[in-house]
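Every read-out reported here was derived from the displayed coordinates using simple, explicitly stated rules and does not represent laboratory data. Keep in mind the model is a prediction, meaning the values are calculated, not measured. Backbone-built Cβ (ideal geometry, glycine too); neighbour counts: all protein chains shown.
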Amino acid sequence: MFSSKDSFKDSFLKRLESMCGKGFEEATKRDQYHTLGNMVREYISSKWIETNELYRSENKKQVYYLSIEFLLGRLLGQNLLNLGIKEVVEEGLNELNISLKEIEECESDPALGNGGLGRLAACFLDSLATLNLPGHGYGIRYKHGLFDQKIVDGYQVELPEQWLRHGNVWEVRKPDEAVEISFWGRIETGVDDGTLSFRHVADQKVLAVPYDMPVVGYRVDTVNTLRLWNAEPASFGPNQDVLSYKRETEAITDFLYPDDTHDEGKILRLKQQYFLVSSSLQSIIKSYKKENSNIRDLHHYVAIHINDTHPAMAVPELMRILMDQEDLSWEDAWHITTNTVSYTNHTILAEALEKWPIYLFKPLLPRIYMIIEEINERFCAELWDRYPGEWERIEHMAIIAHGLVKMAHLAIVGSNSINGVAKIHSDILKNREMKSFYEVYPTKFNNKTNGITHRRWLLKANPELTSLINDTIGEDWIKQPEKLIDLKRHVYHPELKERFAQVKRKRKEILAKKIADKNGIQVDIDSIFDVQVKRLHAYKRQLLNVLHIMYLYNRLKEDANYSIQPRTFIFGAKASPTYYYAKKIIKLIHSLAEKVNNDPRVSQTIKVVFMENYRVSLAEDIFPAADVSEQISTASKEASGTGNMKFMMNGALTVGTLDGANIEIMEEIGEGNIFTFGLTAPEVLKYEENGRYRSMEYYHHDLRIRQVIDQLTNGFFSEDEGEFEAIADSLLVQNDQYFVLRDFASYIDIQEKVGTAYQDRGKWLEQALINVAHSGYFSSDRTIQNYADGIWNIESIGVKM
Ligand code: NTF
């Protein structure tokens, strides 16, 4: 079907007719998308079957990556690329006068994740398959992914996302592999051979039906599986309120939890987590038992990774299965469980550390709660032996305390590896946040610096730069991204620099056109495209960026001779629907944009653009067009960041704090190729300890600061002077938790340097290319190989068709 362009055209036309019941002329773009998508899925299926058979027959260790989020992005383009059939398809379609790009845009952008954590999981799937590693994702098939963001009068409005409205060509429903999940009810106690046994008798059963999606490796025959669970009614009884039962069960997989830092809708969220964990573990154990007779060997064949604490109930659930269903003793079950499970921490923000009230947890999941209690008691007893009399320490480390179940503690105690996602983050875990645990389990803690798949963020997103790299150093880097470093020998060649400049220009033009279409704003291609795209959060400090723009506006207004390199400030960000402050910042960006863009003189130098509904597909247009990457979180707060890597890979220069992976980016490219500023993590942590920071002093002593803060509340932006009061209050009344004012002056300074540096075009291009050359280290292939060797102990299995 894809062997040549003619055979492709032929099959495509036949399939279009049979699938859509329409002739070529009547078929819509979406019909064409569905036709092509189905053809590709079918083409994948033989490799998929082969991979599964090989995994069964080789019977080697496999990893299951449990994650409440997989932020996949569109799959058609990536699958065509990975399968090596993009050209055939593109040429064939061209001859039919169809643009592949337009067809690709018919695919909805599956947003089954909030941000960094979910996107990381998606990058990992791509790398696992490409490295021929037997590893699968397990997640939830949310009917509605992350909300669609609409901006109305500068305010964010959330609309339900509907990625499944037109079906999903990639998924295969597997009703025969459905499993039952138990909620509520009571525990039955029995006696077996003189030992107590327990069984959860549920009040509510929910059916978990798997939908499998293929994960295609790049130019290999390996096709792994992403299994997404859908919640449905298990069975209907005679005297049942059918409607409410149906509604209650289906609600479990209706919505993605639209936040990555706050906790709400607790029972539903708890249900989602157990639903994911229980269905995944039941299915993993079932398939293990098909090939293996001895459950005691489980950890030699199975690794279960929990992506943050959301799936931490994997620990008690595996214990439950091993004890209540497989009849193992506590000790044996514990040995197997702790050797199977590993855990990644993605944030140290206190509000994101999951703690569940017992009064909610215990009735919903009585047997799981009972097991956690026992884990806790045994753990506390060990602590007591080690630290006799140290009540406070033990209380602080306990899994259950003060009416709460602490999921991070459960995850640490129950797993064999705990990793952070960048060096500094792992160090903070060891030396501060989880110090007491590190003392007890020094060998469990480790670092795995995040990565991104260069196949989506460079090959797919930026084909222009990809060709340039291929022309310069060949194509080996695609399979071995560390080879991107070969570019380094060429970065001083005028021809390469010139061609790179052309690529960047082209990509800026594409984005500028998008901005003109969507926002009605004309931006200057020769201006610096200065971009901050990420979730909206106080610690990420979009506000610092805004205050800098306000400062520039004031200077430009006040001083007719003030001249700087023109800049276009581009933002993209979703705020959690209940996060009042974050939504105010979005409004502020819009108010600022209105002021700046409508000022006839100022707008000749700077412009402000907010791009609505930031998501993976939009990101693919933004990263290639960026000149400057804003990574300006308060030091110590951004665990790693991965957007920073995507910008770097596309040749943007970073303006950043010494936080997360920015530090490792600097180590790779050298201090001279990055613009760092602001407090360091130890300085921030010291302030937090000694409480000596007084934001008011900065307000009083720095006129620039006073002016911009006053403008928040003096009617400068809005008739309603209260509109941005909460923002001003966060900086002054609440003493500026994220040190925006403390870092303001050094941010202004570094931004001035950026402006000047951009004017030395030759040097800027070299620096951009140096960024690209060093980005190979930040490929998720490297990250995944580190997980495979250092945590999971799995080896690649070469699928060959
Ligand atoms: C995010 N955490 C961190 O905030 C990012 O710094 C990091 O790059 C990614 O994880 C991936 O590791 C989350 O998304 C969450 F949910 F933990 F808040």
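What dipole magnitude, in Debye to the nearest 20, does segment 320-364 give about its Cα centre under +1 on Lys/Arg Cβ and -1 on Asp/Glu Cβ? Kindly include the intermediate steps, with their values, before the conclusion.
Working: 3 positive and 7 negative charges, 55 e Å.
Magnitude of the dipole: close to 260 debye.
Please name which of 222, 110, 139 has its Cα lying farthest along the dipole of the chain towards the positive end, using unit charges on Cβ (Lys, Arg +1; Asp, Glu -1) and the Cα centre as origin.
Of 222, 110, 139, it is 222.
Less than 15 Å Cβ to Cβ from residue 711, Lys/Arg counted +1 and Asp/Glu -1: what total charge do the surrounding residues give?
-4
Report for the chain the percent antiparallel among DSSP-assigned beta bridges with both residues inside it, nearest 5.
Approximately 45 percent, going by the DSSP bridge assignments.
Starting from 0.36 nm per residue, how many nanometres of slack lie between residue 153 and residue 390 once their C-alpha separation is accounted for? Walk me through the numbers on the way to the answer.
Values: separation 237, 0.36 × 237 = 85.32 nm, distance 5.69 nm.
Contour length minus the Cα-Cα distance gives 79.6 nm.
Between residue 370 and residue 560, what FRET efficiency follows from the Cβ-Cβ distance if R0 is 60 Å, with the result rounded to 0.05?
Efficiency, rounded to the nearest 0.05: 0.20.
Within segment 202-223, find all residues whose amide N lies under 19 Å from a label point positioned 7 Å from the Cα of residue 239 along Cα-to-beta-carbon.
Correct set: 202-205.
What order do you get for 33-43, 677-687, 411-421 when each peptide is scored by the mean count of other beta carbon atoms within 10 Å, highest first?
411-421, 33-43, 677-687
Would you mind calculating the gained length between residue 502 and residue 97 on full extension (0.36 nm times residue separation, minus the Cα-Cα distance), in nm to one decimal?
Extra length from residue 502 to residue 97 when fully extended: 143.0 nm.
To the nearest 20 Debye, how big is the dipole of the chain about its Cα centre, given +1 on the beta carbon of each Lys and Arg and -1 on that of each Asp and Glu?
880
Among 726, 661, 639, whose Cα sits farthest toward the positive end of the charge dipole of segment 635-736 (+1 at Cβ of Lys/Arg, -1 at Cβ of Asp/Glu, about the Cα centre)?
661
Filter the GluC sites (Glu not before Pro) in segment 688-751 down to the DSSP loop ones having no more than 12 other Cβ atoms within 10 Å, then list what survives.
719
Please name which of 38, 426, 389 has its Cα lying farthest along the dipole of the chain towards the positive end, using unit charges on Cβ (Lys, Arg +1; Asp, Glu -1) and the Cα centre as origin.
38
Using the per-residue mean of other Cβ atoms lying within 10 Å as a proxy for protection, in what order, highest first, do the peptides 197-203, 117-123, 89-95 fall?
Per-residue Cβ counts within 10 Å, averaged per peptide and sorted highest first, yield 117-123, 89-95, 197-203.
Using the Cα centre of segment 700-801 as the reference point, and only Cβ charges (+1 on K/R, -1 on D/E), how large is the resulting charge dipole? Debye, rounded to the nearest 20.
That gives segment 700-801 a dipole magnitude of about 760 debye.
Restrict the search to segment 339-414; then list the GluC sites (Glu not before Pro) that DSSP places in a loop and that have at most 15 other Cβ atoms within 10 Å of their Cβ.
Counting only loop positions with at most 15 other Cβ atoms within 10 Å, the GluC sites (Glu not before Pro) in segment 339-414 are 390.
Hey, with R₀ at 22 Å, roughly what FRET efficiency would residue 686 and residue 725 work out to, going by the Cβ-Cβ distance, to 0.05?
So the FRET efficiency works out to roughly 0.10.
Compute the separation of the alpha-carbon centres of segment 94-162 and segment 261-326 and state it in Å as a whole number.
Segment 94-162 and segment 261-326 have Cα centres spaced 25 Å from each other.
Using just the helices of the chain, give the 222 nm mean residue ellipticity in deg cm²/dmol: DSSP H runs with n ≥ 4 each add -39,500 (n - 2.57), and the total is spread over all residues, rounded to 500.
The per-residue figure over the chain is -14000 deg cm²/dmol.
For the ranges 101-109, 305-313, 152-160, what's the packing order if you count other beta-carbon atoms within 10 Å of each residue, average per peptide, and put the highest first? Before the final figure, lay out the partial values.
Working: 101-109: 17.9, 305-313: 26.1, 152-160: 13.3.
Averaged packing, sorted descending, gives the order 305-313, 101-109, 152-160.
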